[in-house]
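Enquirer: Dropping the structure in here first, questions after.
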Amino acid sequence: MTNTDQAYLNTRVTAMSVRLLAATELAELARLDLTALAERFQLEALLDEQLRPRTKARAVEQTLLHLLLADLAVLTRPMAAAERGLVLAWARKYALFNLKTLIRGKLHELDQGEIRENLYELPARVRLPHQELYRAENVPELLRVLERGPLRLIARQARESYEQRRDAFVLEAAVDQRYYAELARQGTLLRGSEAPAIQNLIGAVLDRVNVLWLLRFRFSFGFSPSEAFYQLVPSKRLLHRDRLLTLANIDGFDEVLAAMPAPLDTMLAGSPSLIEVQRRVGAMLIHECRRTLKRGRSGVARALAYLILREHDVHQLYALIQGQLLGLPQDVVDIAVGLADPHCPSGIAAAA
């Protein structure tokens with residue numbers, strides 16, 4: 001990026017960062033009813049009495065996602081090709097959510113209308129070729145179609161995994177693993193003074209994922225050390241390859257937490273469950289993003305940090321709205337958005 005593009009991007013990120021929710025603001029939003037939330041965020045679907053709660057929730061989710069992707073479009077415009085490729089690789093997670101929906105639809109033989117209702121509407125740069133995918137007769141054919149596009153590496157590994165084991169869980173795990181591996185690969189393509197800051201942020205994303213996946217695969221799903229290690233994506237920050245290999249060979253949930261590198265060992269000490277680990281490593285990533293946004297000099301790193309924080313806000317706002325649509329107690333909603341500490345069973349098999 002030129003110095004002019006860098007200055008422009010930093011200015012845009014700083015201006016857009018005022019949209020992020022503060023902790024005090026989230027607490028205020030949690031006390032608003034659906035009408036007030038609809039007016040505050042222009043969520044007209046919430047006010048449509050003819051829509052079912054599920055339809056309203058889906059419309060709200062799509063509207064909030066459009067806000068996030070609109071910010072993505074603005075911020076990627078001045079970026080050089082490699083930096084833009086990395087940020088778009090991060091955003092393609094939503095295309096992969098659609099891919100999983102299509103795969104489940106094919107496996108359960110759902111009609112196209114039902115599948116379409118559960119797909120995100122995405123811009124051209126990150127969406128899938130849906131019409132071709134609808135015509136695919138089965139999952140392997142669907143993945144072969146994707147092998148002709150930008151998701152070719154993800155599609156190929158997923159297809160090979162599925163053809164070997166014919167297991168839907170293995171298939172989705174392969175999609176997730178390849179997504180993060182591609183994100184890490186895009187980070188290695190960066191050069192210049194900005195690269196370390198961006199790679200550090202990608203490392204923070206991978207560290208969070210690796211902690212959760214390692215514990216889940218080893219102790220919730222009972223994977224062997226080698227099976228669990230195969231699913232992980234080494235980070236260049238804290239959880240590099242050799243460290244992950246060591247951790248994967250440790251038996252015992254608490255023992256793995258104690259063997260984590262600093263500062264993860266202190267941060268995760270005493271975590272009674274996978275849900276609590278998820279909360280703590282999630283907070284670690286948010287803290288790193290806020291630090292990058294506030295103090296960083298790299299425009300691209302700050303832009304990615306902003307997008308991660310904006311996505312976090314979208315999830316919290318959606319949780320507030322969905323909680324009300326489902327009629328959940330306020331204390332449950334507060335736990336869901338991090339306004340109250342969870343009081344969950346200590347079993348490590350809880351989902352994360």
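The values are calculated or read from the model by the stated rules, or taken from the named source; none is laboratory data. A quick note: this is a predicted structure, and the numbers were derived from the prediction, not measured. Every residue, glycine as well, gets a Cβ built from its backbone with ideal geometry; the counts of neighbours run over all protein chains shown. Surface accessibility is based on the protein's heavy atoms, side chains included, excluding ligands, DNA and RNA. Shrake-Rupley method; radii C 1.70, N 1.55, O 1.52, S 1.80 Å.
Enquirer: With +1 on each Lys and Arg Cβ and -1 on each Asp and Glu Cβ, and nothing else charged, work out how big the dipole of the chain is about its Cα centre, in Debye to the nearest 20.
Expert: Computed about the Cα centre, the dipole is about 1260 debye.
Enquirer: In whole angstrom, note down how far apart the Cα centers of the stretch 116-185 and the stretch 2-55 are.
Expert: One Cα centre to the other: 30 Å.
Enquirer: Please state the relative contact order of the chain as a whole percent: Cα pairs under 8 Å, 6+ residues apart?
Expert: Computed over the chain, the figure is 20 percent.
Enquirer: Provide Ser271, Ser226 ordered by accessible surface of protein heavy atoms (probe 1.4 Å), highest first.
Expert: Output order, biggest surface exposure first: Ser226, Ser271.
Enquirer: Still on this structure, I have one more. With a cap of 15 neighbouring Cβ atoms within 10 Å, and only residues DSSP puts in a loop, list the trypsin sites (Lys or Arg not before Pro) found in the stretch 1-65. Let's see the in-between values first.
Expert: Numbers: sites: Arg12, Arg19, Arg31, Arg40, Arg54, Lys56, Arg58; in loops: Arg31.
Passing both the DSSP loop test and the Cβ count: Arg31.
Enquirer: To continue, here is another question. Tell me, what ³J(HN,Hα) does each residue in the stretch 76-90 have, in order and in whole Hz, if you take phi through Karplus 6.51 cos²θ - 1.76 cosθ + 1.60 with θ = phi - 60° and put x for Gly and Pro?
Expert: 7, 4, x, 6, 5, 4, 5, 5, 4, x, 5, 5, 5, 4, 4
Enquirer: Between the stretch 298-320 and the stretch 193-253, what's the alpha-carbon centroid distance in Å?
Expert: Here the answer is 23 Å between Cα centres.
Enquirer: Once Lys and Arg get +1 and Asp and Glu get -1 on their Cβ, which of Ala59, Ile308, Leu37 lies farthest toward the positive end of the dipole of the chain?
Expert: Ile308
Enquirer: Still on this structure: From the residues Leu86, Leu47, Thr76, which one has its Cα farthest along the dipole of the stretch 1-100 in the positive direction, the dipole being from +1 and -1 charges on Cβ of Lys/Arg and Asp/Glu about the Cα centre?
Expert: Leu86
Enquirer: Restrict the search to the stretch 20-118; then list the GluC sites (Glu not before Pro) that DSSP places in a loop and that have at most 16 other Cβ atoms within 10 Å of their Cβ.
Expert: Glu49, Glu109
Enquirer: While we're looking at this one, here's another question. Need one word for the stretch 1-128: rounded, prolate or oblate. Basis is the Cα gyration tensor (sqrt eigenvalues a ≥ b ≥ c); a/c below 1.5 gives rounded, then a/b vs b/c decides.
Expert: Oblate.
Enquirer: Leaving ligands, DNA and RNA out of it, rank Thr76, Thr11, Thr101 by accessible area with a 1.4 Å probe, largest first.
Expert: Thr11, Thr101, Thr76
Enquirer: Moving on. Using a ≥ b ≥ c from the Cα gyration tensor of the stretch 249-340 (square roots of the eigenvalues), is it rounded, prolate or oblate, where a/c under 1.5 gives rounded and otherwise the larger of a/b and b/c decides, a/b for prolate?
Expert: Oblate is the answer for the stretch 249-340, as a/c is 1.5 or above yet b/c matches or exceeds a/b.
Enquirer: By its C-alpha gyration tensor, with a ≥ b ≥ c as the square roots of the eigenvalues, how is the chain shaped: rounded for a/c under 1.5, else prolate for a/b larger than b/c, else oblate?
Expert: rounded
Enquirer: About its Cα centre, what dipole magnitude does the stretch 1-68 give when the only charges are +1 on Lys and Arg Cβ and -1 on Asp and Glu Cβ, stated in debye to the nearest 20?
Expert: Using Cβ point charges on Lys, Arg, Asp and Glu, the stretch 1-68 gives about 180 debye.
Enquirer: Moving on. What is the packing order of peptides 309-316, 152-159, taking the mean over residues of other C-beta atoms within 10 Å and listing the highest first?
Expert: Result, highest mean first: 152-159, 309-316.
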